[in-house]
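The structure appears below as structure tokens.
The values are calculated or read from the model by the stated rules, or taken from the named source; none is laboratory data. Computed from a prediction, not measured in an experiment: that's the story for all the values here. Here the Cβ is made from the backbone with ideal geometry for all residues, glycine too, and neighbour counts use every protein chain on show. Quick note on the areas: whole protein, heavy atoms, side chains included, nothing else; ligands and nucleic acids left out. Shrake-Rupley method; radii C 1.70, N 1.55, O 1.52, S 1.80 Å.
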Amino acid sequence: MARYGKDHKLATRRRIIEAAGRRLKRDGIDGSGVAALMADAGLTNGAFYAHFDSKEDLVASAVADQLREQRETFSTQSLEEIVRGYLSPQHRDDREGGCPSAALLDEIARSSDAVKRAYTDGQLAIIDDAATRLAPDDPLSARMQALGVFALMVGTLQVSRALADRQLADDVLEQGIQNALALLGTQRQG
């Protein structure tokens with residue numbers, strides 16, 4: 001039996017994490033079993049434990065990966081572009097490809113400390129990047145401002161996703177954009 005090299009194992013792990021990130025956002029943590037997560041990656045259940053100690057380990061890895069990707073995307077955009085893109089109908093309608101916070105926050109709150117830590121670390125990295133752009137000379141105050149704007153954005157996206165009335169859902173997004181930009185004030189150009 002041929003053994004695969006380290007690069008193959010890392011590539012396979014990466015494929016599992018990426019597939020899990022999409023599935024978790026679509027079906028939730030509790031609604032995504034190991035069999036489904038592995039099938040999405042084109043693998044059998046037997047391969048799971050070669051890469052992860054537990055489902056919780058995979059969830060923590062997927063959450064961290066999703067937030068890392070979000071941070072990389074945000075790093076190329078102005079704060080106003082972030083707000084407008086995050087609160088767009090396209091982002092709202094793309095749960096699987098969208099923000100892990102808006103899709104999983106309630107389940108992350110009920111998850112293990114490892115999952116919460118992965119979420120906290122990833123989210124704070126995003127918040128601190130925004131804070132640095134808002135007020136490089138006052139990072140603590142800017143961090144709180146960025147946290148407030150982020151909380152508003154996530155809540156707005158969740159409410160918009162839950163509404164059956166499409167026009168009302170779009171109106172909620174537009175009001176969220178206006179509120180977030182107002183909270184960012186004149187510094188929103190950063």
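List of remarks:
- Selection from the stretch 106-146 of residues that are free of Cβ contacts under 8 Å to residues at least 40 places away in the same chain, buried (at least 16 other Cβ atoms within 10 Å of the Cβ) and farther than 18 Å from SER78 by Cβ: ARG143
- Test: ALA64 is in contact with a helix residue (DSSP H, G or I) (Cβ under 6 Å, 6 or more places away or on another chain), open to solvent by 10 Å² or more (accessible area, probe 1.4 Å) and outside any loop (DSSP other than H, G, I, E, B): yes
- Helices (runs of 4 or more DSSP H) wholly inside the stretch 77-190 that include at least 3 residues being within 15 Å of the chain's Cα centre (by Cα) and of a type in the set (Lys, Arg): none
- Note on the stretch 19-41: residues that are open to solvent by 70 Å² or more (accessible area, probe 1.4 Å) and either acidic (Asp, Glu) or closer than 17 Å to PHE52 by Cβ (or both) total 2.
- Test result for THR120, under 17 Å from LEU181 (Cα atoms) and not charged (D, E, K, R): no
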